[in-house]
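The structure appears below as structure tokens.
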Amino acid sequence: MPLIENGRIGEDAWSFIPDGEPVPNDRPVIISFERWQAERDSFDGRNAKLGVRLKSGTLAGAIAADLDRFALVAVEFAKFRDGRGFSTARELRERYGYTGEIRAVGHVIPDQYLFLVRTGFTSVEAPEGTNPDSWATALTEVTIAFQPSLDDTAPLSLLRRKLKVG
């Protein structure tokens, strides 16, 4: 699947390793949260970067104590209308101070891209055959925000106060 970063297709150095398959020690890999829980000690002393994939119902607090061990957190979207992943990313950034890569995986669409970025995501696994232009365009389609975010966009309420408009 193509990786979208900053509205463009990027190189993906990471590999997702399904549960039960051997985990290579010489390249960046993503493992499931369930595998992390079951085999956490086996990843001590690992030479390459490690990432964890959270299912949409897994709360950020479940990995908070281990965040320093992960260079990437992949947050799964089971359906595009399941918004729990947005909350997870925002909580990882704001509450737990996570500074690594947060990747959206699963069923995401270009229409959600700006909001993904605004809530703390740094990359998206896009579906095969995706139109890269639609992801780039999604970053510029909306210029007014109604809620605070983790990017530099000021919400409309602050703009109204600044302009002293009702």
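The values are calculated or read from the model by the stated rules, or taken from the named source; none is laboratory data. Computed from a predicted structure; not experimentally measured. Using ideal geometry, Cβ is built from the backbone for each residue, glycine included, and neighbour counts are taken over all protein chains shown.
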Restricting to region 68-109, what's the tally of residues that are surrounded by 15 or more Cβ atoms within 10 Å (Cβ to Cβ) and of a type in the set (S, T, N, Q)? 1
Pick out the one residue from LEU92, LEU67 that is within 23 Å of HIS107 (Cα to Cα), modelled with pLDDT of 95 or more and not small (Gly, Ala, Ser). LEU92
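Can you tell me which residue is nearest to the chain's Cα centre (by Cα) among those in region 25-39 that are of a type outside the set (A, V, I, L, M) and either part of a strand (DSSP E or B) or at pLDDT below 95 (or both)? Step through it out loud before you land on a result.
Here is the first cut: in region 25-39, the residues of a type outside the set (A, V, I, L, M) are 25-28, 32-37, 39.
Still in the list and also either part of a strand (DSSP E or B) or at pLDDT below 95 (or both): 25-26, 32.
On the way: ASN25: 23, ASP26: 23, SER32: 14 Å.
Across region 25-39, the extreme among qualifying residues is SER32.
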If a residue must be over 9 Å from the mean Cα position of the chain (by Cα), not hydrophobic (A, V, I, L, M, F, W, C) and not in a helix (DSSP H, G or I), how many such residues does region 120-139 contain? 6
Which condition does GLN112 not pass, out of (1) surrounded by 22 or more Cβ atoms within 10 Å (Cβ to Cβ); (2) part of a helix (DSSP H, G or I); (3) modelled with pLDDT under 95, if it passes all the others? (1)
Being at pLDDT 95 or above and of a type outside the set (A, V, I, L, M): is that true of ASP82 here? no
Among the candidates GLY45, GLY20, GLY57, single out the residue that is in a loop (DSSP other than H, G, I, E, B), over 19 Å from PRO127 (Cβ atoms) and in contact with a helix residue (DSSP H, G or I) (Cβ under 8 Å, 6 or more places away or on another chain). GLY57
Would it be correct to say that ALA48 is closer than 23 Å to GLY97 by Cβ and surrounded by 13 or more Cβ atoms within 10 Å (Cβ to Cβ)? no
